[in-house]
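To start, the structure under review is shown below, and the notes come after it.
The values are calculated or read from the model by the stated rules, or taken from the named source; none is laboratory data. The shown structure was predicted, so the numbers you read here are calculated from the model rather than taken from an experiment. Virtual Cβ from ideal backbone geometry, glycine too; neighbours counted across all protein chains shown. Quick note on the areas: whole protein, heavy atoms, side chains included, nothing else; ligands and nucleic acids left out. Shrake-Rupley method; radii C 1.70, N 1.55, O 1.52, S 1.80 Å.
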Amino acid sequence: MLATLHVIGQTRAHPLPRLFSASGRHALIVDEVPYFIFGVQAHNSSGWPAMLPQLWNAYEAMHANTLEVPVYWEQIEPLSGQFDFSLVDTLITQAINHHAHLVLLWFATWKNGSNHYMPEWMKRDAAKYPNVTGKNGKPVDSPSPNEEATLEADIKAFTAFTRHLVRADEQRMIIMIQIENEAGAWGSVRDYSSTAQKLFDSPVPAELMEPSTLKALQVPVVQSGNWKKVFGDRADEYFHAWSVARFIGQVAAAGKHEYPIPMYVNAALRDPLTNPMATNYESGGPTDNVIPIWKAAAPAINILAPDIYLSSSETILKVIELYDRPDNPLFVPELGWDTERVKYLYEVLARGGIGFSPFGVDDNGRDSAQTEISARLAPFANEYATTEPMAGNLAKWSFEGKIKAALEREDHADQIINLGNWKAVVSFGSGERKVSEKINKESNGKLLVVRLDENRFLLMGTLCRVSFIPSGKNAGREWQYLKVEEGSYENGLFKPRRILNGDETDWGGPRFGPKPTVLQAEVILR
Ligand code: DGJ
């Protein structure tokens, strides 16, 4: 495999995308530089030639740099062993024309926990490709991860697909592959078929019995035992997580053998704050509590990625924290298309994440007029348009840990950002004069800060204002703004449009309105 990688890397103009990790931080490297995915995801049924023109229109309107789009097993292998990659080729050609990178979503054995994207010839043969058997002995609408025939079929198709990419994507437009989509099961915590039951009653595999893994799962360290004995009332869920992860890990390994680019699995989340049981969420997927199981079972998968549809900033910030780990680059491949979620882009950048992508960019039969589309896209599109000229800098700063962020919470309380010998005080609300005015009921305020040098800061934000307090060696000194400029950051340089002063900076510091603005502020001591 290394030999293949070497050959591919050496002989093509474009090196393979890859992940780079150092000191617990991660970067996605594309064309040999850090790359942050300012992404958008297509609706589920939009990866078809007839839908692509309007998908690309929406993509262009967003100022994104990456399109996440599904490829469908039912389309790729309509008859067993007969593959058709024309759709994949079309996507690659059109991505080149639109200067867009692609993340392809392998909708195969699992889509939202079900087998709905399996080819017809598999759906017609439920005996060979069975679903999970529920506790009551009846099939559940979710494929069994414990059946060899299904695993073999998925591996065969994914191998053919990734082998095709070696030649089809010489320009490396595809930067990552998502394997399956929100794998796991709704409606049964695990498979109760006789095949699965036999495994469940057998000793827990050695990889999971590592003391560090058991500790991470917060269970007593024991030498051996079956699933029930080792994991108690979590045994059913942990067994299903292991089974699903083991299955997808083998698909990933086979694909990487052909084409070693980053691969990830997305998660339908559980409430990260209350430790609910798996009867309340999709069981077996990489929810926060089973990340150690997925890491042990599926080392070929690079990233476990949260799909964020939960609400409340406490909940969402906890999710982001839980998936940002030394062994797991932070990537948000899907989030709901609501204005209140836009601010988490700043949190992902501030944590050194590798990408962010709202779900459902294209029309999908909901919008008719172009004006409506732009109105719907605006909250995310405005952010992406503002970050577009500095996307490369943001990716680098993010990897280097140079970005800090403050996100408005439901209580609208002020927040402090530590910046060495300065503290930034961020107040939310877009009031004209009073710093404390809270007219922003929806808590959409946010600020991103990059320390350009000791006293100079790049600021980007909405619905907040910012002031500074000397701290550290500056503590107790008087200060003032030397200059505050509004403009854009392009190709490594700040391009001023105007100097902000007077009403625009007095009364509590520069103010950010509902549209994202970029400022460069320099402060001095007096
Ligand atoms: C999460 C899934 O991953 C997406 O494919 C989509 O079904 C959304 N939920 C809901 O629209």
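In this structure THR517 has an accessible area near 30 Å², from a 1.4 Å probe over the protein heavy atoms. Relative to the longest principal axis of the Cα atoms of the chain, the long axis of helix 2-11 lies at roughly 50 degrees. About its Cα centre, segment 287-391 has a charge dipole of approximately 280 debye under the convention of +1 per Lys or Arg Cβ and -1 per Asp or Glu Cβ, with nothing else charged.
Per residue, the solvent-accessible area of the chain (1.4 Å probe, heavy atoms of protein chains only, all protein chains present) comes to 40 Å².
The simple spin-label model puts a point 7 Å past each Cα toward its Cβ; for TRP479 and GLN54 those points are separated by 5.1 nm. Element breakdown for the chain at a 1.4 angstrom probe: carbon and sulfur atoms account for 51% of the accessible area.
Taking all protein chains together and a 1.4 Å probe, the residues ILE417, ILE469 rank ILE469, ILE417 from largest to smallest accessible area.
Beta bridges per DSSP, both residues in segment 14-119: antiparallel share near 45 percent. Taking a quarter of the surface of the Cα convex hull of segment 153-203 gives a mean projected area of 5.8 nm². Bridge orientation summary for the chain: considering DSSP beta bridges with both residues in this region, about 65 percent are antiparallel. Filter the cross-link list LYS123/LYS295; LYS343/LYS402; LYS128/LYS198 down to pairs whose alpha-carbon distance in this structure exceeds 20 Å. Violating the 20 Å Cα-Cα cut-off are LYS123/LYS295.
For segment 225-363, a Kirkwood hydrodynamic radius built from all Cα pairs, placed in the Stokes-Einstein relation at 4 °C and 1.567 mPa s, yields a translational diffusion coefficient of 82 µm²/s. Helix content alone sets the calculated 222 nm mean residue ellipticity of the chain: runs of n ≥ 4 DSSP H residues at -39500 (n - 2.57) each, divided across all residues, give -9000 deg cm²/dmol. Shape annotation for the chain: C-alpha extents along the principal axes are 77, 53, 48 Å, from largest to smallest.
Peptide packing for 390-397, 260-267 was compared via the average number of neighbouring C-beta atoms within 10 Å per residue; ordered from the highest value, the list is 260-267, 390-397.
Ordering of 332-340, 302-310, 63-71 by packing is 63-71, 302-310, 332-340, highest average first (other Cβ atoms within 10 Å, averaged per residue). Relative to the longest principal axis of the C-alpha atoms of the chain, give the angle of the C-alpha long axis of helix 313-322, reported between 0 and 90° and rounded to the nearest 10°. It is inclined by approximately 60 degrees.
In degrees from 0 to 90, rounded to the nearest 10, what is the angle of the helix 52-62 Cα long axis to the longest principal axis of the chain? Helix 52-62 sits at roughly 30 degrees to that axis.
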